[in-house]
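Working notes, structure below.
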Amino acid sequence: MDNQKIILNVENLNTTFISDKKEIKIVKNVSFQVKRGKALAVVGESGCGKSVTMNSIMRFLGKNAIVKADNIQYNALHDGKVTEYHLESITKPNGSEMRSLRGSDLAMVFQDPMSSLNPVYKVGDQVAEGLLQHNKGMKKAEAREKVLEMFRKLGIPDPEERIDCYPHQFSGGMKQRVVIAIAMICNPELIICDEPTTALDVTIQAQIMELLKSLQVNEGKSIILITHNMGLVAEMADEVCVMYMGRVVEFGSLEDIFDHTSHPYTKALLRSVPVLGLGDNQKLETIPGVTPNPVDLKEGCEFADRCSECMEKCRRGKIPTFEVSIGHKVRCLKYDSYPEVK
C-alpha cells in the first residue's frame, strides 16, 4: 500500500451490537480504501450499514458496540511526511488519542444540521470550540478571526453579524454550512459527510455539493460521501462503494459502477433513479421485497430473496468477492470464474 496515495485503509471491519443479551452483527468484513484528494461515495438503502461503518471508524458508537478490524489505518500527511495511525488499536471510544485526531485530521459532517447544532450557543462559539480545543495557546480573538475567514470561504453572508447569531436564526442551508465550518475549521485531511443534503431543497442541495466538491478539488481534501442518492454520486465521486446488509457488494471507479455495473443490487439501485425527459408514462422501478432483519439472516447471499438473477448456489455457504477488472470488485457468484479477492 502506498501511504502517500492512500489516506484511509480499512480491512475486514466488523461491528456488532449487544441488545437484550443478543449479538447483532451489523457491519461484516467491510474493506475499502480512500485515495488522497479523492471522493469515495458509500451508497445503499437506508439500514445497509453505511453510517455505522463510518461511526465505527470515528469511534462514535455507544458502549454496546463491539468494533473489530484487521486494520484501520489512517495516513496523516504533514510537511510531506506520512504518519501512520492504526485506529483499530485505539480501543477507548473517548480516549485522548482518538480525540486528538477527530477534528484536526478526521472530521465528520453529520446528517441533520438541525440536531447537530446546540440551540443555546452562538454558532461562532460552536465553530471555534474545536479550534480552541486543538490549539491550547490560541486566544479567543484569534479564533474568532479564523471563524470569520471560514464563514467567508463557505459563502455565509454578513459573517461579522452572523457569527453572533443562534442556530434558529439560520436557514437549513446556512445551518449545514455552519456544520461544514465546524468540520473544516481545523483543516482536516479527510472529511466524512453523512447524507449532507438531507432535508434541504434541490437548489441548496446543489450549492452544498458544489461547496464540498470545491474543497476536494481546490484544497485537496479527501471526502467520504454517505448517500443513497445516485445522482449525487455521479456528480461527486471518484470511486463508489456499494453496501447491502452490512457488506460491500461492489466497489470500483465511478465508470465501473455506472458503465460496467455488475452486482444485481447495484443494477437495481440504478434502475430506481428517476430519469428526466422520458415523459408522463415513465415507470419508476422499485427493488422487490424488503430488507431482511439482521437478526434472522441465513447463510448465502443476503440479497438472494430480492434478486432477479438468483441461483440455487447463492443461498448456500460463503459468498466470496471477485475482481472482475482492475480495482472493480463484486461479491456475487455470477463472477466465480474471475480471481477471488483474498
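Annotations for the structure displayed:
- Counted residues, the stretch 292-316 - those being in a loop (DSSP other than H, G, I, E, B) and charged (D, E, K, R): 5
- Members of the stretch 18-36 found to be outside any strand (DSSP E or B) and either out of contact with any Asp or Glu (no Cβ under 9 Å at 6 or more places or on another chain) or polar (S, T, N, Q) (or both), listed by number: Asp20, Lys21
- Close pairs (7 angstrom Cβ cut-off, 6 or more residues apart or separate chains): free of Cβ contacts under 8 Å to residues at least 24 places away in the same chain in the stretch 66-85, of a type in the set (A, V, I, L, M) anywhere: Thr83/Ala76; Tyr85/Ala76; Tyr85/Leu101
- Remark: pairs (first residue in the stretch 107-132, at negative phi; second residue at pLDDT below 90 and part of a loop (DSSP other than H, G, I, E, B); Cβ separation under 7 Å; 6+ apart in sequence or on different chains) = Val109/Pro196; Gln111/Glu195; Gln111/Thr198; Asp112/Thr198; Asp112/Ala199; Ser116/Phe110; Gly130/Gly103.
- Restricting attention to the stretch 46-67, the residues that are among the charged types (D, E, K, R) and modelled with pLDDT of 90 or more add up to 1.
- Any chance Val290 is β-branched (Val, Ile, Thr), crowded, with 17+ Cβ neighbours inside 10 Å and either under 21 Å from Gly49 (Cα atoms) or modelled with pLDDT of 95 or more (or both): no
- Per-region count, the stretch 88-120, residues surrounded by 14 or more Cβ atoms within 10 Å (Cβ to Cβ), aliphatic (A, V, I, L, M) and either in a loop (DSSP other than H, G, I, E, B) or at pLDDT 90 or above (or both): 6
- Matching option when the condition is in a strand (DSSP E or B) and over 17 Å from the mean Cα position of the chain (by Cα), among Thr15, Thr83: Thr83
- Evaluated against (1) surrounded by fewer than 16 Cβ atoms within 10 Å (Cβ to Cβ); (2) closer than 30 Å to Ile18 by Cβ; (3) of a type outside the set (S, T, N, Q); (4) touching a residue at least 12 places away in the same chain (Cβ under 8 Å), Arg306 falls short on exactly one condition, (1).
- Search result, residues across the stretch 34-51 that are within 12 Å of the chain's Cα centre (by Cα) and surrounded by fewer than 22 Cβ atoms within 10 Å (Cβ to Cβ): Ser51
- Among the conditions (1) under 24 Å from Pro196 (Cβ atoms); (2) surrounded by fewer than 19 Cβ atoms within 10 Å (Cβ to Cβ), the only one that Asp79 does not satisfy is (1).
- For the stretch 37-58, the set of residues classified as among the polar types (S, T, N, Q) and either assigned to a strand (DSSP E or B) or closer than 30 Å to His78 by Cα (or both) consists of Ser51, Thr53, Asn55, Ser56, listed by residue number.
The values are calculated or read from the model by the stated rules, or taken from the named source; none is laboratory data. Worth saying up front: this structure is predicted, and the values here are computed from it rather than measured. Heads up, the Cβs are rebuilt from the backbone with ideal geometry, glycines too, and the neighbour counts pull from every protein chain shown.
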